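This report concerns only the one structure given below.
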Amino acid sequence: MALTLFGSAASGSTAVEAALTLLGIDFDLIEGATWETEAARARVGGTNPMRQIPTLVDADGRVMTESAAILIHLADTHPQAGLAPGVEEPRRAEFLRWMVFVSSAIYSLHWIKPDVTRIGARPEQRDAVVDAVHERIAFCWGVMDAQVMPDGPSAYLLGDRLSVLDLYVAVVSRFGPWRERFEQVAPRMTPVVRRVDAEPRLQAFWRARFPLDDI
C-alpha cells in the first residue's frame, strides 16, 4: 500500500509533496483545503483529530502530522537522498533549529487568518489582525535571514546541498505577506528560494501544485 497524504494545492502540504517527488515515492493524495470547507475537515478528521493538513499515513497505518516533522522524517528515513544533514553532521543542529523556527514562528501564524476569533478577536477586526500577522511573519523572516548561512551566502540554506529546509522555506515564503515582502526582508535567502523555484526536478510539480502565478 502506498503512502496516503491529506493535502491541498498551494498549501503547506506542497512542501511534503515536493519532498516525496524528489524522493521518487508514490503516494495517494486526498485533496481538501481544510481552511475552506467542513467536508475537507471531516475527511481528515478521522485520521487527525486536529483536522489539519498535511497528514501522512504510512503503509502500516501510522499517522504523522506537522509539516516540519514529516519533512524531517522523510529526509532521515531516506538518507541516500541527502535532503538533511545526518545526526552526526555539524549542520544538524542548525537544520533542526530553522525547521522548528519556520514551523513555530511563521507557519503556525497562518492558522489565525481564516478565523481570527480563534485568538479572541472579533470578526470585524480580521483585516487588522491579518495585517499584524503579516508584519510578524515579515519580522521573523528578517530574523532568520540575518542568522542563517553564518559562513556567508551559499547555494542553499545549509550549504551546497538542497535540503527539506529549502523546500519548506520556498513554500512557506509563498504565503502572506507573499514573496515581494519576503524578498524585501530576506535578501540573503531570496536567491535560495528562487533556486528552489527553478529546480529542474520540480518544474512539473510546481506548475501542477503551486504555480508561481499563485504567489
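Would the range 165-183 turn up any residue that is in contact with a Pro (Cβ under 9 Å, 6 or more places away or on another chain) and not basic (Lys, Arg)? No, because not a single residue in the range 165-183 is in contact with a Pro (Cβ under 9 Å, 6 or more places away or on another chain) and not basic (Lys, Arg). Would you confirm whether any residue within the range 9-25 is more than 24 Å from residue 92 (Cα to Cα), at pLDDT 95 or above and touching a strand residue (DSSP E or B) at 6+ places or on another chain (Cβ under 6 Å)? Scanning the range 9-25 turns up no residue that is more than 24 Å from residue 92 (Cα to Cα), at pLDDT 95 or above and touching a strand residue (DSSP E or B) at 6+ places or on another chain (Cβ under 6 Å). When you look at residue 145, is it modelled with pLDDT under 95 and within 29 Å of residue 113 (Cα to Cα), yes or no? No: the conditions fail for residue 145.
Within the range 63-104, the residues that satisfy the criterion of being touching a Pro at 6+ places or on another chain (Cβ under 8 Å) and among the basic types (Lys, Arg) are 91, 92. Being β-branched (Val, Ile, Thr), under 18 Å from residue 11 (Cα atoms) and touching a helix residue (DSSP H, G or I) at 6+ places or on another chain (Cβ under 8 Å) holds for only one residue in 129, 185, 164, 192, and it is 164.
From the residues in the range 65-93 that are touching a helix residue (DSSP H, G or I) at 6+ places or on another chain (Cβ under 9 Å) and of a type in the set (Asp, Glu), which one is surrounded by the most Cβ atoms within 10 Å (Cβ to Cβ)? The residue in question is 66.
Here is a yes/no grid of residues against (1) more than 17 Å from residue 167 (Cα to Cα); (2) among the polar types (S, T, N, Q); (3) over 18 Å from the mean Cα position of the chain (by Cα); (4) not assigned by TED's automatic domain parsing to the domain that holds residue 157:
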| site | (1), (2), (3), (4) |
| --- | --- |
| 24 | no, no, yes, yes |
| 46 | yes, no, yes, yes |
| 49 | yes, no, yes, yes |
| 59 | yes, no, yes, yes |
| 62 | yes, no, yes, yes |
| 76 | no, no, no, yes |
| 97 | no, no, no, no |
| 103 | no, yes, no, no |
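The values are calculated or read from the model by the stated rules, or taken from the named source; none is laboratory data. As the structure is a prediction and not an experimental result, all values here were calculated from the model. Using ideal geometry, Cβ is built from the backbone for each residue, glycine included, and neighbour counts are taken over all protein chains shown.
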